[in-house]
1. Name the pairs whose Cβ atoms lie under 7 Å apart, with the first residue in the range 140-151 and farther than 19 Å from G370 by Cα, the second of a type outside the set (K, R) and crowded, with 24+ Cβ neighbours inside 10 Å, and 6 or more positions between them or separate chains?
2. Could you tell me whether any residue of the range 687-695 is farther than 29 Å from F470 by Cα, touching a residue at least 24 places away in the same chain (Cβ under 8 Å) and not in a strand (DSSP E or B)?
3. Please specify each residue of the range 426-457 satisfying the condition of being among the aromatic types (F, W, Y) and either over 28 Å from the mean Cα position of the chain (by Cα) or over 30 Å from V380 (Cα atoms) (or both).
4. Report yes if R60 is of a type outside the set (D, E) and in a strand (DSSP E or B), otherwise no.
5. Does E456 satisfy being at negative phi, out of contact with any helix residue (DSSP H, G or I) (no Cβ under 8 Å at 6 or more places or on another chain), surrounded by fewer than 23 Cβ atoms within 10 Å (Cβ to Cβ) and at pLDDT 95 or above?
6. Could you check T80 against (1) open to solvent by 30 Å² or more (accessible area, probe 1.4 Å); (2) over 29 Å from the mean Cα position of the chain (by Cα); (3) of a type in the set (S, T, Y) and say which number it fails?
7. Find the residue count for the range 169-224, including only residues that are aliphatic (A, V, I, L, M) and on the phi > 0 side of the Ramachandran plot.
8. Determine, yes or no, whether E533 is out of contact with any Phe, Trp or Tyr (no Cβ under 6 Å at 6 or more places or on another chain), farther than 23 Å from P623 by Cβ, in contact (Cβ under 8 Å) with a residue 24 or more places away in the chain and within 16 Å of the ligand (Cβ to nearest atom).
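The values are calculated or read from the model by the stated rules, or taken from the named source; none is laboratory data. These numbers come from a predicted model, not from an experiment. Every residue, glycine among them, receives a Cβ derived from its backbone with ideal geometry; neighbour counts consider all protein chains shown. Keep in mind that these areas ignore ligands, DNA and RNA; they rest on the heavy atoms of the full protein, side chains included. Shrake-Rupley method; radii C 1.70, N 1.55, O 1.52, S 1.80 Å.
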Amino acid sequence: EDGGPDPEKHCGHGRGGMGEGVKRKEDKRFITGRGNYVDDIKKPGMLHCEIVRSPHAHARINEIDTSRAMEVDGVVAVLTAEDLAAHELATMPTLMDDTQDVLVNDKVKFQSQEVAAVIAEDRYVAKDGAEKVAVDYEVLDPVVTAEDALEADAPLIRDELDDQEDNHIFDWDVGDKEATDKVFEAADVTVSEQMEYQRLHPAPIETCGCVTDWDPGKDKITVHLTSQAPHAHRTLFSQVSGIPEHKVRIVSPDIGGGFGNKVPIYPGYVVAAAASVVLERPVKWMEERSENIQTTGFARDYDMTGELAATEDGIIKGVRTDVLANHGAYNAVAQPSKFPAGFFNIFTGSYDVEAAYGSLTAAFTNTAPGGVAYRCSFRVTEAVYLIERMVKVLAQELDMDPAEIRRRNFIQPEQFPYESATGWNYDSGDYEKALDKALEMADYDHYREEQRRRIENDADKLIGIGISSFTEVVGAGPGKSCDIAGIEMFDSADIRVNPTGNAVLRVGVQTQGQGHETTFAQIVAEELGMDVENITVEHGDTDTDPYGLGTYGSRSTPVAGAATAVAARKVRDKAKSIAANELEAAEEDIEWDRGSGEFHVAGAPDRSLTITEIAASAYMNHPGSEEPGLEAVNYYDPPEMTYPFGSYIVVVEVDRETGEVDFERFVAVDDCGNRINPMVIEGQIHGGLAQGIGTAMMEHVTYDENGNCTGGDFMNYLLPTANEIPNFETGYTVTPSPHHPIGAKGVGESPTVGSPPAIVNAVVDAMAHAGTTHVEMPMTPDRVWENLAEAGLER
Ligand code: CDP
C-alpha cells in the first residue's frame with residue numbers, strides 16, 4: 001500500500017533489503033567445504049548403480065547375457081528392460097508426451113543409450129560388472145542430422161511407434177503468413193541468411209545423479225536428486241512408479257549448477273529407484289562427465305533461416321523465419337507443453353514490426369534426446385540470435401550503422417504494454433536508454449574510427465564491433481498458458497515468523513547457485529522490516545516446502561519472488577492487526593513505515609512496534625480476533641511474464657594470420673527491473689557472459705557419420721576457462737515490471753541469451769568490408785581463418 005520498493009532509492013534501509021549488495025549467506029558453507037551435494041550422501045548399506053551403454057548409435061539388440069557380470073564378487077543384481085517390464089518401468093514418459101526406454105528393450109537409438117544396469121556393493125565393482133555384460137548388437141545405419149533424417153530413404157528410427165512412417169515429429173508455425181508475405185513483396189529491401197545454432201550441452205560442474213532409499217517400514221521412497229524442480233519430479237515419480245505421491249519424498253540438496261540440464265527425468269533415476277524398491281537397500285547412481293554430455297538433455301540444435309523486409313531507410317517491416325530442429329531419438333524437449341518450439345516465437349525481438357511469420361519442422365535423429373532450456377527461457381536464445389544477427393545483416397545491406405538501425409526500430413517506452421506481431425505482451429522497456437549507455441561505456445565512435453584506420457592501413461589485425469539489443473521473456477506461467485506435463489506453472493512461498501522475531505521462508509523453487517538463500521531473504525527483509533540475517537530460506541524438500549514448479553527459465557524471481565513478496569505482505573497485514581491490539585488503536589490507524597520497518601499509530605510515530613515485538617505478541621498476547629502465530633502462504637500465478645532486456649557491445653580484434661579472435665572490450669548493460677541484490681546480479685551476468693563466449697567461440701556437441709559422439713567429453717567439448725574470459729564492463733538501467741509486486745524481472749539468463757549474437761556480429765563486422773555476412777558458431781580459429789580466406793582477407 002506504500003507503493004512497494006522505490007527503484008530510485010534502492011537503499012535497503014540498512015537491513016539487507018532490496019538493492020543492497022548483501023554477501024551470499026550460502027557461501028560460508030560452500031567456501032569452507034561444507035556443501036552437501038547428492039554424491040556426498042552416504043547411507044548405511046548403500047549400493048551403487050552403473051549403467052551399461054551402447055557403443056552404437058543405431059542397433060537392434062539380439063541378446064543380453066548378464067551371467068558373467070553376476071559372477072563378479074560384490075555384484076548384487078543386473079537389470080535389463082525385461083526386469084523393469086515386470087514392474088511396468090521399462091519405459092517412461094518424456095516431458096513432451098513421448099515414451100523413452102528406461103533400458104533399451106529392442107533397438108538402440110543413440111550412442112551411449114542405457115542398455116542394462118549393474119547394482120553392486122561399491123562403484124568399482126559395479127563398473128567391473130558392467131564390463132562383463134555381453135550384448136549382441138545387430139548394427140543399423142544411423143542418421144544424425146535433421147536434414148538427412150527427413151530424406152525419403154532415411155532409416156526409420158522410431159519403428160516401434162504404430163503411426164510413425166518417417167523421422168518427422170511435428171510442424172509448427174506462428175504469425176500471419178499472408179500478411180508477412182505481402183510485406184515482403186512490397187518491401188524496398190529484403191535480406192536472408194542461413195545460420196546454425198549448434199548443439200550445446202549445459203555443463204554443470206556437478207553431473208546428474210541420485211540416492212534412492214525405499215523404506216519398507218513406511219512404504220515410502222526418499223530420493224536425493226539433482227533436481228531443478230523437486231515437486232514436479234515428485235508428481236512424475238509417483239505417476240511413473242505408482243507409489244502414491246505422499247509416499248515419495250524428493251530432496252534436492254545443494255545443486256552444483258543446473259542450467260536446464262536437471263529439469264528432465266533420466267533413466268538412471270528410474271533404474272536406481274526400481275533397484276532400491278526391489279532390493280530394499282539405498283542405491284546411488286552418479287553420472288560420469290562423458291555420460292552427462294552424451295546422454296542427458298542437450299540444448300539448441302536449430303538450423304535457422306532468417307529474413308527481414310525493410311524500407312530503404314532501415315525501417316523493418318517484416319520478419320520471416322524457418323527452422324529445422326534436431327530433437328534426437330525421442331521428443332524429450334523440456335518446455336511448457338503448449339509451446340512445442342518453446343518461446344522461439346519471440347523472434348521479433350526488441351523491434352516494432354508490422355508482420356511476422358515463423359515455421360519449424362522437428363525431426364528424430366540417432367542422437368541423444370533433449371532440447372532443454374540451457375540458461376534460457378525455452379528457445380528464446382535461438383530467437384534472440386536470429387533477430388540480432390539479421391539486424392546486422394540488414395545494416396550491412398543498407399550500409400547503415402548497426403546502432404542507428406536498432407534505434408530506428410525499437411519499440412518505444414510509451415508503446416508498453418506492447419503486443420508483438422506473434423502475440424507476446426511485453427510489460428515494459430526502454431531499449432534506447434540501455435543502448436545509449438552501452439555505446440557510451442564502450443566508446444563506440446572511437447572503435448569505429450580505429451576500425452576504419454586498420455582497414456586503410458591494411459593492418460594484420462582487424463577490428464570488429466558487435467551489438468546485441470536483446471529482449472528476453474522470463475517467468476513462466478501464467479498457469480493458463482504454461483504447464484509442464486499438465487502442472488500449471490505457478491510458484492509458492494511460506495513464511496513463518498518465530499516468537500523471537502526471526503523467520504523461515506520456504507519456497508517452491510530450487511537454487512542451483514543463483515543465491516536464493518540470500519536474495520529471497522532480502523525480499524522478506526524489505527517487506528517485513530526485518531534484518532536479512534534473521535531470515536533463513538529453505539527449499540528443495542518436498543516433505544516440507546510448498547509445491548512449486550522449480551527453477552529454470554529465470555522464473556524464480558518473477559514467480560517465486562513475487563509469491564515471497566505477497567506472502568510477506570500477508571504477514572504484514574496480520575502484524576498490523578496485532579499491533580492495533582497492542583497499541584490500543586484501530587487497525588486502520590496503524591501505519592507501516594518501509595524506512596524504519598516499524599508499525600506505528602497514524603500521527604504518533606513514537607507509539608510504534610517492531611516486527612520482533614509483534615512476533616512475540618503473536619504467540620504470547622494475540623488479539624482474540626486473530627489466530628495465534630504469524631505466518632502466511634502464497635501461491636502466485638503470474639498475470640504475465642516479465643521482459644528483461646539489455647544492450648551488449650563487443651569489440652574484437654581478428655588476427656588475419658591465425659584466425660584468432662581477441663576481446664578488446666566487452667560491455668553489458670542489463671535491465672532486470674528493480675534489482676534485489678546488485679552483487680548477485682553482477683555474478684549472474686559474469687557467469688552468463690562466460691557461457692555466451694563458450695557458445696560463440698568453443699562449444700559444440702558433434703557426431704560423426706556413424707553416430708559416434710565426437711564432442712562428448714571435456715577434451716572435445718571445449719568450455720571456456722579464465723584464460724578465454726576478458727574483463728567484463730557491466731552497467732544497468734532500471735525499468736520496473738509494472739505487474740510484479742516488487743517490480744523485478746528475471747536476470748540469470750540474459751547474458752547467455754544476449755551475448756552470442758553480439759560476439760558473432762563483432763567477428764562478422766571485422767570482415768564486413770570484404771563482404772562477409774555470417775560466420776557460424778563456434779568461431780574457432782580455423783573456422784574464422786576459413787572465413788577470412790573466403791573474403792580474401794587472410795594473411
Ligand atoms: O530462476 P533463476 O534464479 O535462475 O533466475 P533469476 O530469477 O533471474 O535470479 C537469479 C538471481 O538474481 C537470484 O538470486 C535473484 O534473486 C537475483 N535477482 C536480483 O537480485 N534482482 C532481480 N531483479 C532479478 C534477479
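1. Note: pairs meeting the criteria are L140/H58; L140/A59; D141/H58.
2. The first filter runs over the range 687-695 and keeps only residues farther than 29 Å from F470 by Cα, leaving none.
No, because not a single residue in the range 687-695 is farther than 29 Å from F470 by Cα, touching a residue at least 24 places away in the same chain (Cβ under 8 Å) and not in a strand (DSSP E or B).
3. Step one: list which residues in the range 426-457 are among the aromatic types (F, W, Y), which gives 426, 431, 444, 447.
Hits for the range 426-457 are Y444, Y447.
4. On the way: of a type outside the set (D, E): yes; in a strand (DSSP E or B): yes.
Considered against the rule, which asks whether it is of a type outside the set (D, E) and in a strand (DSSP E or B), R60 comes out as yes.
5. Details: at negative phi: yes; out of contact with any helix residue (DSSP H, G or I) (no Cβ under 8 Å at 6 or more places or on another chain): yes; surrounded by fewer than 23 Cβ atoms within 10 Å (Cβ to Cβ): yes; at pLDDT 95 or above: yes.
Criteria met by E456.
6. Exception for T80: condition (1).
7. Kept after step one, since they are aliphatic (A, V, I, L, M), are these residues of the range 169-224: 169, 174, 179, 183, 186-187, 189, 191, 195, 200, 203, 205, 211, 221, 223.
Next, only the ones that are on the phi > 0 side of the Ramachandran plot stay: none.
Selection size over the range 169-224: 0.
8. Numbers: out of contact with any Phe, Trp or Tyr (no Cβ under 6 Å at 6 or more places or on another chain): yes; farther than 23 Å from P623 by Cβ: yes; in contact (Cβ under 8 Å) with a residue 24 or more places away in the chain: yes; within 16 Å of the ligand (Cβ to nearest atom): no.
No; evaluated as a whole, the condition is false for this residue.
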